[in-house]
Amino acid sequence: MFDSLTEKFDSVFKKLRGHGRLSEENIRDALREVRLVLLEADVNYKVVKDFVASVTARAVGQDVLKSLTPAQQVIKVVRDELGLLMGEGEDNSLDLAARPPVSIMLCGLQGAGKTTTCGKLALKLRKEKRNPLLVPADVYRPAAIEQLKTVGRQIGIPVYDTQPGQDPVAICEAARHFADLNGYDTLILDTAGRLHIDQELMGELSRIKASLDPREILFVADAMTGQDAVTVAKAFDELLNITGVVLTKLDGDARGGAALSIRAVTGKPVKLVGMGEKLDALETFHPDRMAQRILGMGDVLSLIEKAESAIDRDQAADMEQRLRKEGFNLETFRDQLQAVKKMGSMESILKLIPGAGKALKKAGDMQLPDKELKKIEAIINSMTRRERRDHRILNGSRRLRIAAGSGTTVQDVNQLLKRFTEAQKMMKKMQKLGPKGLKSLMGR
Ligand code: GDP
């Protein structure tokens with residue numbers, strides 16, 4: 001996410017830290033560069049101007065220059081202002097407190113990620129103990145109705161039965177009636193999108209709004225489209241008075257323009273962000289954490305949350321028991337790897353650790369951790385159960401078979417076994433030592 005933006009900020013700040021003594025001119029130079037970095041990231045011109053003005057007001061002055069760590073102070077001001085720019089301190093939670101069924105209307109251009117986001121949102125709300133109903137209100141493209149049905153099936157959430165050609169307002173009203181009778185407390189309306197804004201579409205969205213009075217009207221914006229997303233958001237907001245924005249495709253290589261400008265231009269908060277095509281890849285937007293990430297400072301809070309949601313307690317307890325019973329063998333090792341993988345790609349996890357993003361970049365052509373993990377999994381999966389539980393029986397011909405079965409080489413298999421036996425020895429040592437011994441090992 002925003003890799004090139006992060007890299008450029010990093011080089012501006014490196015220069016700033018490199019000065020023996022900072023002068024006011026040094027700071028002004030750095031802020032001029034910050035201005036360019038933001039413009040290159042496709043941030044709205046006026047937003048950049050106001051941003052740099054606020055940072056300058058706080059960062060250029062005796063207070064900063066006299067402090068012990070002036071460069072650090074400037075960076076802190078930039079971080080704080082980035083957070084404010086994206087809405088830090090404002091309430092950006094979904095407001096669904098009304099007599100059910102409440103409606104959430106998703107709108108935006110075709111391809112922005114509306115249908116996918118409807119599914120993601122339904123899944124998220126169900127986790128929060130709500131009972132959502134998906135409503136396909138895009139009657140022009142039969143494929144759109146089918147797509148929502150497919151999404152609904154994948155996550156086991158009902159989709160209101162709609163036929164192409166029906167009136168979208170009538171569909172939404174009937175769906176509300178149906179929800180009322182059948183105990184669904186939240187309607188998620190997947191409205192039609194077009195390639196461009198047109199009067200007919202806008203008229204239809206206004207009629208849906210007037211009839212359903214949605215508690216939330218979320219504009220779905222494709223972060224990859226930068227400034228365009230912001231312009232379109234503004235038009236939708238003028239017509240519909242949206243309540244918030246969902247930024248999608250932040251997992252891609254968006255430059256950052258949409259994320260950094262959309263709140264300032266529309267005055268509406270980003271409430272959620274799409275971080276992947278999978279239906280569980282929807283996250284609450286935290287402006288402060290995003291600012292940290294953009295500046296390459298990691299995001300440990302999100303990392304902890306990810307770990308907590310990916311690894312459930314029962315599974316962890318189960319794993320502990322198996323380790324006790326079976327010991328650390330290739331099978332338990334593989335299952336542990338799979339549990340970690342549920343948190344997302346290794347690269348995305350590592351990036352949440354302060355400083356690790358940069359280290360990853362430096363590693364450059366090192367085998368990507370995810371690829372390496374896939375290979376390890378493929379090798380272990382090509383073994384028989386007996387082999388997984390006791391790797392000592394793996395002779396030459398077995399290794400050959402496993403390499404062929406997993407599309408790897410015998411060297412790969414050997415390397416994995418070597419690493420695994422080392423890890424196993426280490427585990428045994430640690431178990432023998434017990435907690436007391438461990439402490440003495442670490443010199444405490
Ligand atoms: P709609 O036309 O607005 O309903 O858009 P869709 O929901 O059909 O999404 C368009 C494409 O974007 C699909 O291929 C989705 O898988 C993809 N997409 C949606 N959200 C995300 C996201 O957060 N990250 C990524 N990488 N792809 C996404």
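The values are calculated or read from the model by the stated rules, or taken from the named source; none is laboratory data. From a predicted model like this one, the values you see are computed outputs, not experimental measurements. Virtual Cβ from ideal backbone geometry, glycine too; neighbours counted across all protein chains shown.
Of note:
- Contact map, the range 107-118: first residue part of a helix (DSSP H, G or I), second residue crowded, with 23+ Cβ neighbours inside 10 Å and acidic (Asp, Glu), Cβ cut-off under 6 Å, separation 6 or more or different chains; pairs are 114/190; 115/190; 118/190.
- Test for residue 109: is it within 16 Å of the ligand (Cβ to nearest atom), of a type in the set (A, V, I, L, M) and crowded, with 19+ Cβ neighbours inside 10 Å: yes
- Test for residue 260: is it out of contact with any Cys (no Cβ under 8 Å at 6 or more places or on another chain), within 10 Å of the ligand (Cβ to nearest atom) and either at pLDDT below 95 or under 23 Å from residue 162 (Cβ atoms) (or both): no
- Among residues of the range 211-250 being within 18 Å of the chain's Cα centre (by Cα) and of a type in the set (S, T, N, Q), the one that is modelled with the highest pLDDT is 248.
- In the range 39-58, the condition of being in contact with a Ser or Thr (Cβ under 7 Å, 6 or more places away or on another chain), crowded, with 22+ Cβ neighbours inside 10 Å and among the hydrophobic types (A, V, I, L, M, F, W, C) is met by at least one residue.
- Flag for residue 91 being assigned to a loop (DSSP other than H, G, I, E, B) and on the phi > 0 side of the Ramachandran plot: no
- Any hit, the range 67-80, residues being among the hydroxyl-bearing types (Ser, Thr, Tyr), farther than 28 Å from residue 229 by Cα and either surrounded by fewer than 19 Cβ atoms within 10 Å (Cβ to Cβ) or at pLDDT 90 or above (or both): yes
- Looking at 48, 43, just one residue is touching a Lys or Arg at 6+ places or on another chain (Cβ under 8 Å) and closer than 24 Å to residue 285 by Cβ, and that residue is 48.
- For the range 112-149, the candidate set comprises residues that are surrounded by fewer than 19 Cβ atoms within 10 Å (Cβ to Cβ) and acidic (Asp, Glu); within that set, the residue that is nearest to the ligand (Cβ to nearest atom) is 146.
- Within the range 382-425, the residues that satisfy the criterion of being in contact with a helix residue (DSSP H, G or I) (Cβ under 7 Å, 6 or more places away or on another chain), within 21 Å of residue 328 (Cβ to Cβ) and not in a helix (DSSP H, G or I) are 382, 383, 394.
- The listed residue being of a type in the set (S, T, N, Q), under 30 Å from residue 154 (Cα atoms) and in the same structural domain as residue 148 (by TED's automatic domain parsing), out of 231, 191, 266: 191
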